[in-house]
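Student: Sharing a structure below in structure tokens format, with a few things to ask.
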């Protein structure tokens, strides 16, 4: 896999999946601890937009009872994994404040130069999740809302700025407190996808 392909899989896919408004909020630390993990019936399968068969799909495969493998395909294709085109992620589910969340983390790609990999820092992202039958609704953290709160001083969470991007550096515990406190304000954009298989 080329350097450009890996960057696309580990970072850019996080910003574009399912066209949820804005960018995906990145975090150095996960949103979960091992004690927080839950499994949910009905997540396994392929999800997407049935009205647009050429649109990207998300496939969830249970891996060990506490995590899932997520394969994001930019265009509908066979169920075979194509590491050069697909985004491969590890997903963990957890409940905070009575709500379900998904922590998404890129898998390390195969065949990438070790020196190069030593200079790439993968990041977590997380979404609020509602699973109702054959409808999976994903709500990402509103990046513009977060930026505005930080700039105005009303939002106090550890972070670093890289150009115009905010990367959260808060600990897992601090992230959880933040998410519970601001769940209704921070996760307002809902993007439903539907079970395809």
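Student: Tell me, please, whether a residue that is in a helix (DSSP H, G or I) and modelled with pLDDT under 95 can be found in the stretch 116-133.
Tutor: Scanning the stretch 116-133 turns up at least one residue that is in a helix (DSSP H, G or I) and modelled with pLDDT under 95.
Student: Does residue 125 satisfy the condition of being under 15 Å from the mean Cα position of the chain (by Cα) and either buried (at least 19 other Cβ atoms within 10 Å of the Cβ) or over 26 Å from residue 41 (Cα atoms) (or both)?
Tutor: Here the answer is yes, as residue 125 does meet what is asked.
Student: Does residue 43 satisfy being touching a strand residue (DSSP E or B) at 6+ places or on another chain (Cβ under 7 Å), modelled with pLDDT under 75 and outside any strand (DSSP E or B)?
Tutor: No; evaluated as a whole, the condition is false for this residue.
Student: Can you confirm whether residue 110 is surrounded by fewer than 13 Cβ atoms within 10 Å (Cβ to Cβ), under 18 Å from residue 61 (Cβ atoms) and touching a residue at least 12 places away in the same chain (Cβ under 8 Å)?
Tutor: Yes, satisfied.
Student: Here's a follow-up. Please specify each residue of the stretch 142-154 satisfying the condition of being on the phi < 0 side of the Ramachandran plot and free of Cβ contacts under 8 Å to residues at least 12 places away in the same chain.
Tutor: Scanning the stretch 142-154 gives 148, 149, 151, 152, 154.
Student: I'd like the full set of residues that are part of a loop (DSSP other than H, G, I, E, B), surrounded by fewer than 20 Cβ atoms within 10 Å (Cβ to Cβ) and under 15 Å from the mean Cα position of the chain (by Cα), limited to the stretch 165-197.
Tutor: Scanning the stretch 165-197 gives 189, 190.
Student: Could you grab the pairs with beta carbons closer than 9 Å, sequence gap of 6+ or different chains, first residue in the stretch 128-141 and at positive phi, second one surrounded by fewer than 19 Cβ atoms within 10 Å (Cβ to Cβ)?
Tutor: 133/42; 133/195
Student: Return yes or no: is residue 94 more than 27 Å from residue 67 (Cα to Cα), under 18 Å from the mean Cα position of the chain (by Cα) and surrounded by 14 or more Cβ atoms within 10 Å (Cβ to Cβ)?
Tutor: No; evaluated as a whole, the condition is false for this residue.
Student: Being surrounded by fewer than 20 Cβ atoms within 10 Å (Cβ to Cβ) and modelled with pLDDT under 90 is the filter here, so list the residues in the stretch 52-62 that pass it.
Tutor: The answer is 52, 53, 54, 55.
The values are calculated or read from the model by the stated rules, or taken from the named source; none is laboratory data. This structure is a prediction, so every number in the text was calculated from the model and none was measured. For neighbour counting, all protein chains shown are included, and Cβ atoms are generated from backbone atoms with ideal geometry for every residue, glycine included.
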